[in-house]
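Beneath this line is the structure, given in structure tokens, with notes to follow.
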Amino acid sequence: MRYDLNLLPTFIALMEERNVTRAAERLGITQPALSNALTRLRTMLRDPLFIRERYGMQPTQKAQELAPVIAAALATIDDVILGQQDFEPERADLLFTIAPNSYVEFVLMPVIVARLRERAPGIKLRLTPFGTDLADTGVISGGTAMVLGRIIDPPDNLVVQHIMDDGLACVVRADHPEVGDTLTREQYERMKHVNMLPPGRLRYGLFKALERQALHREVAVSVTHFLAIPELIAVTDYCTTLPRLICRHLARDQRLKVVPPPVDLGTFPVEMAWHVRYRHDPAHRWLRSLVGEVALELAKG
């Protein structure tokens, strides 16, 4: 039997998106064209493959069995073809979608953008939020080039790379009446605190670090963005506990000063993840290398 291999990317798009509209957009075709391709797929593979349900297209048992085999075959083809292509960053005219968490967006992205301006001025970035759910970023379907942050329980079609670690420090106003160059446990627990409430595991990590050290913290106000914190700290006697690289930025504000925490709060990892289909894509590999380079430089700081 002769197989139309052009239909296989349609199968994978439907398998990962579970939605005809999104799959069509991803493939750059119309919905009628995708529906026609699905009809041909069903005939070729002799199975309904996807059943319409209230919350999307659900794969049949046969579709679930075929998916890893077809995905692996397409990935192998991509590896062979894309691995033979050259990439010239200085001449590239590309748009990458990246999903950084709020920490990465604040700390890494300005340096990454500056580096791109120097080495690949034709490359543009579109940032989409990375909160608590990888599926919301588009990386699982391959629509997003990479996610940056803390990657928990990634699916099998994502490759995860550790790129750096960061620690924690405290920030108070520069003329704080009680805090000098150090901060004791008693001072920390007596003070009121500004708490950062980012989405996802960054928040969880700080809470667990405080819990491990049995360090009590009285939260006076919680905010949702790092940029809100300097103004609050500058006009109060409050304290905040933040990643060291963010504290490094805040230290430029003469109204503030950074002091070490009263106990060792440990470190947290920063990771990068991407879809397996981009493993050997020259442009994606170059961009991942640049991100890793920036992270390494900042971590050494």
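Read-outs throughout are calculated quantities, based only on the coordinates presented, and are distinct from any laboratory measurement. Keep in mind it's a predicted model, so treat the numbers as computed, not measured.
Side notes on the structure shown:
- The GNM of the chain, with springs linking C-alpha atoms under 10 angstrom apart, assigns the highest mean-square fluctuation among Arg52, Arg244, Arg288 to Arg52.
- For segment 155-260, the fraction of C-alpha pairs more than 23 angstrom apart is 27%.
- D (Stokes-Einstein, µm²/s), Kirkwood Cα radius, segment 113-176, 1.002 mPa s at 20 °C: 143
- The H on the amide N of Glu218, modeled in the peptide plane, is under 5 Å from the matching H of His193, each at least 5 residues off or on a different chain.
- Entry note, the chain: the mean residue ellipticity at 222 nm calculated from DSSP H runs of n ≥ 4, each adding -39500 (n - 2.57), is -12500 deg cm²/dmol after division by the residues and rounding to the nearest 500.
- Cut-off under 5 Å, modelled amide H: who pairs with Thr97 long-range: Arg126, Ala145
- Using distinct alpha-carbon pairs, which all enter the 1/r mean, Kirkwood radius of segment 23-173 in Å: 19.0
- By the Stokes-Einstein formula, at 1.306 mPa s and 10 °C, segment 1-103 with its Kirkwood radius over alpha-carbon pairs has D equal to 101 µm²/s.
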